[in-house]
Each structure stands twice: as structure tokens, then as C-alpha cells.
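**Q** Dropping the structure in here first, questions after.
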Amino acid sequence: MSIMVSATRKLPLRLVDRSPSITGAEIVSELVPPPQFEHASFESYRPDLAYPSQVEAVERLNAFAAWRARPGGFFSRTRKAKAEFPGIYLDGGFGVGKTHLLAALWHGAPGPKYFGTFIEYTALVGALGYADTVTQLSGAKLICIDEFELDDPGDTMLMTRLLGELIASGTRVAATSNTPPNSLGEGRFAAVDFLREIQAMSANFETVRIDGLDYRRRDASGHAETVVPEEFDRLNEALIERGSRVSCDDFGALMKHLSTVHPSKYIKMIAELDVIALRNVYLLTDQTDALRLVAFIDRVYDAEIPIIASGVPLHDVFDAEMMEGGYRKKYQRSQSRMVALTTGELPPHAE
């Protein structure tokens, strides 16, 4: 009997065995809000009344959404139907609802329309080429860009050129970030051409500041959970026995593998998983690795896949120098998401 059980024992999947490819058409098809914001609306947004800027943000987005105007409606009384700026920029901390509001704006807009992260749009250019990307996106009523964080001046110039052409053709653009548009790249690059591109882009946007507490950490300790090695193995085995699709990887091996896969493909790496298990998490000292992990965590968070980890708690994975550098806001956002992923409830069939 024991031999039969051993022969049929289910083994966890491994992310390091997955090296997906992705086409431009696939990227375009995925340019929609992530699953947790599939039904986001202005009405379902729950502002923290202790921060009036959250209520004001909804009003400003309504004003920006000229397509919502109708006779006798919102704009006919006190507001102009046409927004003063072709772009709107939601600037605020982590977990104040920026992505929810961006998705609500997208859901209420007429098509064609697109919603994606900064990485997804740059990946689209890489897959299609610049000219074909302009052709693909031209005619869109609205383009939403979540987490407009810039890692290098090349991507910045690419995106500002792309957005400039689209805005000139009548497309409206809405974006979110943790940094105001005239401060993007601050503390990272000093090139005059880079700064000129940033300033040109920011001139197209009305900036809306949203203050508040991170909703993911209002009722949490603020620390990512970790499990001891013995519990790590036992928990993974129990989840697999219950039918959960679990991936289990050594943290170091995963970090090495991520370096071989473009961040735009991370979403396909984690497709159809219920739980991700990471063994022997350790402190990162290489910034390139850290930025790859941020991109990976973003995709895991969007897919709402809980993480089980052993070793260093995930929120402590970035070293002190990183947390004081130019990418600190990226790392802080990722820490917030790591806390949510390791302390949140597992899928119903995995509980």
C-alpha cells in the first residue's frame, strides 16, 4: 500500500520549469483591469472620510469622464463636459484606491479602450514595434496606465513619445503612480533630455493627489508572515492533497529564472495556480533582482494568488540601501502587497 501511495503522490509544480512566450495579440487581449477590479465602479469605491482628497478624487474623475455627460445630468448644471487636460494623473500612497478608481474610469468609458501597467505597454512596443503599437492603440477613447514608475530614461522617452502621439489624435490618458508626473525619475537620472521628456509629459496631465492609509494594512500588523521549514512542507503537502494547484520553488532558483523571462510574461508563468510557495527567502542586495521581484509580486497580487514562504519575511527582502534609494517607493508598494499576499485568506478549496 505504501508503495502505491508513493507512486501516485502528487508533486508541486515549479515556476522555474515555466518559460512562456507571449505575442503582441496576447498582450493586447490582456489590456483590461485585473480580476479584483473587474466590477470596480465609482459607486463601489469606499473613501476614507478622514481624508477628503479621496472624495474629491471621485469628483475630479467624474469631471474628466466627459463621456458620462448627458442632458440634465452631472455636467449640465455646474461642470463643463470637456476636461481641461487630455490626461489625469492620480498621485498617492499605497492602498488608497488609485487602481480601483482607474479601473472604474475604464469601465465607464466607451470603447475602444485599454488598461495596463507601464510594463505591459512597453512590452507591447517590444512585441509589435513602435509604429504598429501606435496603429493598434490609435482611435482609443481612453488609455489607462497603472503604476507609471520609470526605471530607465529609454522607456520614459518611448512612453512619452507614444502618449504624445495618442493624445494629439484625441485619446485621453489616465495614469496612477506614487510619484507626481513632474517628479518621475527623480533621484535616478539627471540627463537633460530625460528631464525634458518628463516635463513635456506632465504638461498634459491634471494631477489629483489622494491621501490616506494603505487599506491593506489598516487592520494588519504590517509584517509578511513566514513559516518554519517543517510547517512549510506540511502545509504544501496538505494543499496539494486537497486539490490545490501549488508551485513550490527555492527563492534563489526563482530569482535566477526571473532573469531569463521578460516581466510581461510573468502573468503566464503563474497562470492557473492557487498558491505559490517560496522556500528559503533571503535578503536581496542586487537592485536588478529586487526590481524583477517587484514586477513578479505585482503580477501575483493582480492574480490574487496567496504566497507561503519560509526564510526571511518577504517584506524584509530589500536591503537598507535599496529602501533609501531612488526606487524606494516601488519597494514600499511591493512590501505592502507582500504583506497582503502572505496574510490574506487562501482560496476556499485550500483552507
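**Q** Residue by residue through the range 103-141, note down the ones that are open to solvent by less than 40 Å² (accessible area, probe 1.4 Å) and touching a Pro at 6+ places or on another chain (Cβ under 8 Å).
**A** Once the filter is applied, which keeps residues that are open to solvent by less than 40 Å² (accessible area, probe 1.4 Å) and touching a Pro at 6+ places or on another chain (Cβ under 8 Å), the range 103-141 yields Ala103, Trp106, Phe115, Ala123, Ala140.
One line per residue, one yes/no per condition, for (1) surrounded by fewer than 16 Cβ atoms within 10 Å (Cβ to Cβ); (2) over 19 Å from Gly111 (Cβ atoms):
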position	(1), (2)
Ala25	yes, no
Val32	no, no
Ala40	no, no
Ala50	yes, yes
Ser53	no, yes
Ala57	no, yes
Phe64	no, no
Trp67	yes, no
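**Q** Could you please let me know if Ser177 is crowded, with 16+ Cβ neighbours inside 10 Å, hydroxyl-bearing (Ser, Thr, Tyr) and modelled with pLDDT under 80? Let's see the steps before the verdict.
**A** Details: crowded, with 16+ Cβ neighbours inside 10 Å: yes; hydroxyl-bearing (Ser, Thr, Tyr): yes; modelled with pLDDT under 80: yes.
Considered against the rule, which asks whether it is crowded, with 16+ Cβ neighbours inside 10 Å, hydroxyl-bearing (Ser, Thr, Tyr) and modelled with pLDDT under 80, Ser177 comes out as yes.
**Q** Then there's this: In this structure, is Asp214 at pLDDT 90 or above, touching a Ser or Thr at 6+ places or on another chain (Cβ under 8 Å), surrounded by fewer than 20 Cβ atoms within 10 Å (Cβ to Cβ) and not in a strand (DSSP E or B)? Explain how you work it out, then say what you get.
**A** Working: at pLDDT 90 or above: no; touching a Ser or Thr at 6+ places or on another chain (Cβ under 8 Å): yes; surrounded by fewer than 20 Cβ atoms within 10 Å (Cβ to Cβ): yes; not in a strand (DSSP E or B): yes.
So Asp214 does not fit the description; no.
**Q** Residue by residue through the range 228-246, note down the ones that are in a loop (DSSP other than H, G, I, E, B) and open to solvent by 60 Å² or more (accessible area, probe 1.4 Å). Reasoning before the result, please.
**A** Step one: of the range 228-246, the residues in a loop (DSSP other than H, G, I, E, B) are 228, 242-245.
Selection gives Val228, Arg242, Arg245.
**Q** Among the candidates Leu273, Leu291, single out the residue that is open to solvent by 10 Å² or more (accessible area, probe 1.4 Å), hydrophobic (A, V, I, L, M, F, W, C) and not in a helix (DSSP H, G or I). Don't jump to the end; show me each part of the working.
**A** On the way: Leu291 fails: not in a helix (DSSP H, G or I).
Exactly one of Leu273, Leu291 is open to solvent by 10 Å² or more (accessible area, probe 1.4 Å), hydrophobic (A, V, I, L, M, F, W, C) and not in a helix (DSSP H, G or I), namely Leu273.
**Q** Here's something else I'd like to know. Identify all residues within the range 247-268 that are open to solvent by 50 Å² or more (accessible area, probe 1.4 Å) and either at pLDDT 95 or above or in contact with a helix residue (DSSP H, G or I) (Cβ under 7 Å, 6 or more places away or on another chain) (or both); write none if there are none.
**A** The first filter runs over the range 247-268 and keeps only residues open to solvent by 50 Å² or more (accessible area, probe 1.4 Å), leaving 250, 256, 259-260, 262, 265, 267-268.
Of everything in the range 247-268, those that are open to solvent by 50 Å² or more (accessible area, probe 1.4 Å) and either at pLDDT 95 or above or in contact with a helix residue (DSSP H, G or I) (Cβ under 7 Å, 6 or more places away or on another chain) (or both) turn out to be Asp250, Lys256, Ser259, His262, Ile267.
**Q** From Ala7, Ala50, grab the single residue that is part of a loop (DSSP other than H, G, I, E, B) and modelled with pLDDT under 90. Step through it out loud before you land on a result.
**A** Working: Ala7 fails: part of a loop (DSSP other than H, G, I, E, B).
It is Ala50.
**Q** While we're looking at this one, here's another question. When both residues are 6+ apart or on different chains and their Cβ atoms are under 7 Å apart, which pairs have a first residue that lies in the range 127-141 and is polar (S, T, N, Q), and a second that is open to solvent by less than 60 Å² (accessible area, probe 1.4 Å)?
**A** Filtered contacts from the range 127-141: Thr133/Leu124; Thr133/Val125; Thr133/Leu162; Gln136/Val28; Gln136/Leu128; Ser138/Leu166.
**Q** Of everything in the range 247-270, what is over 22 Å from the mean Cα position of the chain (by Cα) and assigned to a strand (DSSP E or B)? Give them in sequence order.
**A** Cys248, Asp249, Asp250
The values are calculated or read from the model by the stated rules, or taken from the named source; none is laboratory data. Predicted model only: the values in this text are computed from it and were never measured. Neighbour counts are summed over all protein chains in view; Cβ atoms, including those assigned to glycine, are modelled from backbone coordinates with ideal geometry. For the accessible areas, the whole protein counts, side chains as well, though only heavy atoms, and no ligand, DNA or RNA atoms are used. Shrake-Rupley method; radii C 1.70, N 1.55, O 1.52, S 1.80 Å.
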